[in-house]
Amino acid sequence: MINMEEIDPWGNGLVEYANLFREFGMQKISPETAKRLAKSRLFRRGIIFAHRDFDRFIQAHDKGEPVAAMSGIKPSGEFHLGSKMTAEELIFMQKEFGAKVFYAIADLEAYADNGLGLAEGAENAVSNVADMLALGLDTKNAYVWRQSNEKRVMNLAYIFSRRTTLATLQALYGERNMGLYLSVLTQAGDILLPQLKDFEGPKEVVVPVGADQDPHIRFTRDIAQKFNSEYGFVTPCATYHMFFRSLNGETKMSKRDPMNILTLADEGKALKQKLSNTFTGGRATAEEQRKLGGETEKCVIYELMKFHFYENDEDLKKMYEDCRSGKILCGECKKIRIEKITEYLKAHQEKKKKMMEKARKLVDGSGE
Ligand code: SF4
């Protein structure tokens, strides 16, 4: 049996991926889908590994029907690599399928979960949205809102509460405060917002998430079915990506552990320090490593490059082979990757600076 703690959207646990297929009925991404979407390194490298009804989304697109992609962020700090991954998936869906992107700033959840005031949340949101813009979001085909500003989402949350019992929420999330339960209803409102008449009605909507967010997806799919006769909701589909580990390799990357996350705002000495301390798959001695090679499967530096910073498969292959053969040791290997990551972040930060004003307008005007 899978433990609730292992699949907790507000926790730090890691999940046995095989259990997700067995216990929760997620579907594996088929080789055909991975091949078709190989332009995205996340599909190509199996980082997006599972889905619910994503095939339906693709079929709708192929028939020429409008489709949408939805996700959001809790504005409790800077974009870390987990938020970057979701943002890249949304942007990919926008480019590949012409999906309209719906992006929720979950400021009410940030209040319920972290006690973060709405004004501070709005300030963080400007930075988060500027990251989205720098990563390539096309605002002509997107809608961004703050939960606290979007009355339609609040109305939906209220309406959904009529057919949600405390027992259902407890079974999905365990014992929580009422604020987090309210956040669940609000998130269901966020996910189903794109299907309201104001946004051209029911349609296929894909929600790209980390596997730990599955309880929200299951809850919202259930709500969509319950309210199908009133609203015509289509059950939302989802794609799931693997967790990105914290820099010490112990938990998933989370803003709750600031020393062990890499954010898109990191720079200079602090960035170098973080990366120098990152957990590797190095052996106990240099001699042993030369003989046996490093253990890439344990190495967070390798994971950083695979998930985020090497777009070209040949670069990743070379890193893998040099490590496994013992040709390179961790000190030299880290130095090369630190340079690459620093270069990437610097370029991103330059782009982001130019996007701040546009981001502020989007956040200020959100939900209106
Ligand atoms: Fe990781 Fe590089 Fe060390 Fe291999 S050599 S374990 S890839 S840091």
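The values are calculated or read from the model by the stated rules, or taken from the named source; none is laboratory data. All figures in this text were calculated on a predicted structure; none of them were measured in a lab. Positions of Cβ are backbone-derived with ideal geometry, glycine not excepted, and every protein chain shown enters the neighbour counts. Heavy atoms of the whole protein, side chains included, go into the accessibility calculation; ligands, DNA and RNA do not. Shrake-Rupley method; radii C 1.70, N 1.55, O 1.52, S 1.80 Å.
Take ASN149 and tell me if it is within 25 Å of ILE91 (Cα to Cα) and either polar (S, T, N, Q) or outside the structural domain of ASP53 (by TED's automatic domain parsing) (or both).
Judged against the criteria, ASN149 is a match.
May I ask you to verify whether SER71 is modelled with pLDDT of 95 or more, crowded, with 20+ Cβ neighbours inside 10 Å and not hydrophobic (A, V, I, L, M, F, W, C)?
Considered against the rule, which asks whether it is modelled with pLDDT of 95 or more, crowded, with 20+ Cβ neighbours inside 10 Å and not hydrophobic (A, V, I, L, M, F, W, C), SER71 comes out as yes.
May I ask you to list the residues in the range 317-327 that are within 26 Å of the chain's Cα centre (by Cα) and either farther than 21 Å from PHE279 by Cβ or outside any helix (DSSP H, G or I) (or both)?
Hit for the range 317-327 is LYS317, nothing else.
Among the listed residues GLU96, GLU78, which satisfies the condition of being outside any helix (DSSP H, G or I), at pLDDT 90 or above and open to solvent by 40 Å² or more (accessible area, probe 1.4 Å)?
GLU78
Within the range 35-55, how many residues are crowded, with 20+ Cβ neighbours inside 10 Å, free of Cβ contacts under 8 Å to residues at least 60 places away in the same chain and within 16 Å of the chain's Cα centre (by Cα)?
Residues in the range 35-55 being crowded, with 20+ Cβ neighbours inside 10 Å, free of Cβ contacts under 8 Å to residues at least 60 places away in the same chain and within 16 Å of the chain's Cα centre (by Cα): 1 in total.
Can you pull out every residue in the range 196-214 that is in a helix (DSSP H, G or I) and under 19 Å from ALA106 (Cβ atoms)?
PHE199, ALA211, ASP212, GLN213, ASP214
Yes/no per residue for (1) open to solvent by 10 Å² or more (accessible area, probe 1.4 Å); (2) more than 9 Å from the ligand (Cβ to nearest atom):
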{"position": "GLY282", "(1), (2)": "yes, no"}
{"position": "GLU288", "(1), (2)": "yes, yes"}
{"position": "ILE301", "(1), (2)": "no, no"}
{"position": "ARG324", "(1), (2)": "yes, no"}
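So ASP257 ticks every box in (1) without any contact (Cβ under 8 Å) to a residue 60 or more places away in the chain; (2) within 23 Å of ILE105 (Cβ to Cβ) but one. Which box is left unticked?
(1)
Can THR285 be described as touching a residue at least 12 places away in the same chain (Cβ under 8 Å) and either outside the structural domain of LEU42 (by TED's automatic domain parsing) or out of contact with any Phe, Trp or Tyr (no Cβ under 6 Å at 6 or more places or on another chain) (or both)?
No; evaluated as a whole, the condition is false for this residue.
Could you please find all residues in the range 233-258 being open to solvent by 30 Å² or more (accessible area, probe 1.4 Å) and assigned to a loop (DSSP other than H, G, I, E, B)?
Result: VAL234, MET242, ASN248, GLU250, THR251, LYS255, ARG256, ASP257.
Residues that are open to solvent by 40 Å² or more (accessible area, probe 1.4 Å), over 26 Å from the mean Cα position of the chain (by Cα) and more than 9 Å from the ligand (Cβ to nearest atom): does the range 304-316 have at least one?
Scanning the range 304-316 turns up no residue that is open to solvent by 40 Å² or more (accessible area, probe 1.4 Å), over 26 Å from the mean Cα position of the chain (by Cα) and more than 9 Å from the ligand (Cβ to nearest atom).
Those residues that are outside any helix (DSSP H, G or I) and under 16 Å from SER183 (Cβ atoms), I need them from the range 155-171; list them, please.
THR164, the sole residue that qualifies.
State yes or no: is THR165 free of Cβ contacts under 8 Å to residues at least 24 places away in the same chain and over 17 Å from the mean Cα position of the chain (by Cα)?
yes
Suppose the filter is in a helix (DSSP H, G or I), of a type in the set (A, V, I, L, M) and without any contact (Cβ under 8 Å) to a residue 12 or more places away in the chain; does ALA119 pass it?
For ALA119, the condition - in a helix (DSSP H, G or I), of a type in the set (A, V, I, L, M) and without any contact (Cβ under 8 Å) to a residue 12 or more places away in the chain - is met.
Which of the residues belonging to the range 259-280 are crowded, with 20+ Cβ neighbours inside 10 Å and more than 16 Å from the ligand (Cβ to nearest atom)?
ASN260, ILE261, THR263, LEU264 - these are the residues of the range 259-280 that are crowded, with 20+ Cβ neighbours inside 10 Å and more than 16 Å from the ligand (Cβ to nearest atom).
Just checking, how many residues over the range 127-154 are part of a loop (DSSP other than H, G, I, E, B) and farther than 17 Å from LEU196 by Cα?
Going through the range 127-154 one residue at a time, the tally reaches 3.
Among the residues of the range 326-345 satisfying the criterion of being in contact (Cβ under 8 Å) with a residue 60 or more places away in the chain and more than 10 Å from the ligand (Cβ to nearest atom), which is surrounded by the fewest Cβ atoms within 10 Å (Cβ to Cβ)?
THR342
Quick one: in the range 194-232, of everything that is surrounded by 16 or more Cβ atoms within 10 Å (Cβ to Cβ) and polar (S, T, N, Q), which residue is nearest to PHE57 (Cα to Cα)?
GLN195
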